Each structure stands twice: as C-alpha cells, then as structure tokens.
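Nothing in this text is a laboratory measurement; each read-out follows from the coordinates by a stated rule. This structure is a prediction, so every number in the text was calculated from the model and none was measured. Cβ atoms come from the backbone with ideal geometry, glycine included; neighbour counts cover every protein chain shown.
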Amino acid sequence: EAGVVQSPRYKIIEKKQPVAFWCNPISGHNTLYWYLQNLGQGPELLIRYENEEAVDDSQLPKDRFSAERLKGVDSTLKIQPAELGDSAVYLCASSLVFAENTDTQYFGPGTRLTVL
Amino acid sequence: SQQGEEDPQALSIQEGENATMNCSYKTSINNLQWYRQNSGRGLVHLILIRSNEREKHSGRLRVTLDTSKKSSSLLITASRAADTASYFCATDGGTSYGKLTFGQGTILTVHP
C-alpha cells in the first residue's frame, strides 16, 4: 500500500514569493491534515479536512495561507507571500475517521521550506 | 499550542538498555498516541492507547496511561541503535475526534 505522498521534498524561496505544497493521501482515507513542524518542536495542526470540508482551520494564518482539497482526495497548501518565519517542515497526514472511532494518522515525509 | 510535555527532552543510553519516556497533558483525552520520527523524515505511528485502557504492549514497546494523573509513559525494552529517533506523544481529545496535539518530543540516542 502506498503511503502519503508529498511534493516537493525541499523548497528554497526568497521572502515575499509564493509557494505551494502538494499532498496525496492514502487511498480511502477520508481525513487529511496539514501540520507545521518547527525545528526541535512537535507538529502543530494547521488545517484538517474531512472529505472536502475544512472542519478545523483555526490554526491556519488565513492572511497568507490557503488550502484546498480537490474532490476530497489530493490537497494543496499555499503560502503567499512567504515570510522568513515560515521556514519549517510542512507535514501532510491522512487517516480514516468516522463517528467516534479514530484511526491512526499516517504521515508523509514532509516538505522542508527555507525562506531566504 | 502544545498540550503534551515529554520528559526528558533528551535521553542517551547504551544498546540493550531500556528507555523510558514520559508524557504529561492538561485536558481530558479520547486517546493518546506515540509516534517516532527519524532525522529528516516523517512521523511513524507506534501505538495508540484509549482513555479507558491502562497499559498496552506492541513488541518491545510498552505504554501506560494514567488518566487521573494525566500522564503516559513509553518504555522501549532492549533498545537498539536503530531506535535512535525523536519520540512524540500526541493527544486526541475533546469533542473533535482525530485532532492530535503533539508534545515537543524526547530525543533518544542509543549508542552501539
């Protein structure tokens, strides 16, 4: 079974430039997550989708960050414009969540963003 | 904000020794999960323990949960150099199932 796929793995951009990250979740997983992980810290949730609906985006800085999940499968996270403080690893995860049952979240390898 | 706090922040042991990591959290949970992250890679799920469970085993891993103390521990027995990684606890709590809040992690180094 293929895991969560993310691209690109690494991205270096100048500040004020736009950047986009792509995620393909595990087939059949209805829930998709984007996390931000700073160096030496645990991941922090940015946004969570259940199918196509963003059910929790309270931690997403909406002035510069946006996300979408096309047809409830792939997802794209965008930053425009990027700031120096956005340098971090952006992780995508997916899981199968229904009713009160929570399945394991499976993580992709992440995209390491460096903003110069 | 991060709910979980791992202790210690770093742990260095010799191969064959046991490693114990602790996690404390602040609010009620549905379940608690432990993840491992090797340097520069994504997180790998290790074990999930539900709020009504007290202990769970998986291979060389043993997890305990004390909801009265809002704490959990992860024990890795007979450690190997390949166990060198960062270990994170994550809590799934409140009314929103599936929303994980991670701690800051414990960096484990196992010397061969």
Checklist entry - In sequence order, what are the phi-derived ³J(HN,Hα) couplings for segment A:9-16 according to the Karplus relation 6.51 cos²θ - 1.76 cosθ + 1.60 with θ = phi - 60°, rounded to whole Hz, with x for glycine and proline? => result 7, 9, 8, 10, 9, 7, 4, 6
Next on the checklist: What is the sum of charges, Lys and Arg at +1 and Asp and Glu at -1, for the other residues whose Cβ falls under 11 Å from the Cβ of A:Gln59?
Outcome noted: 0
Checklist entry - Which residues' amide hydrogens lie under 5 Å from the amide hydrogen of A:Val73, considering only partners 5 or more residues apart or on another chain, with H built in the peptide plane? => result none
Checklist entry - Which cross-chain or sequence-distant (5 or more) residues have an amide H under 5 Å from the amide H of A:Val5, H modelled 1.01 Å from N in plane? => result A:Asn24
Checklist entry - How big is segment A:39-116 by Rg and Dmax over its Cα atoms, in Å? => result 13.4, 44
Item to check | FRET efficiency, B:Asn22 to A:Ala20 (Cβ-Cβ, R0 35 Å, nearest 0.05) | outcome: 0.35
Item to check | Pairs of lysines in the protein assembly as shown (C-alpha under 28 Å apart; 8 or more residues apart or interchain) | outcome: 23
Checklist entry - When the Kirkwood hydrodynamic radius is evaluated over all pairs of different C-alpha atoms of segment B:1-107, what value in angstrom, to one decimal, is obtained? => result 13.8
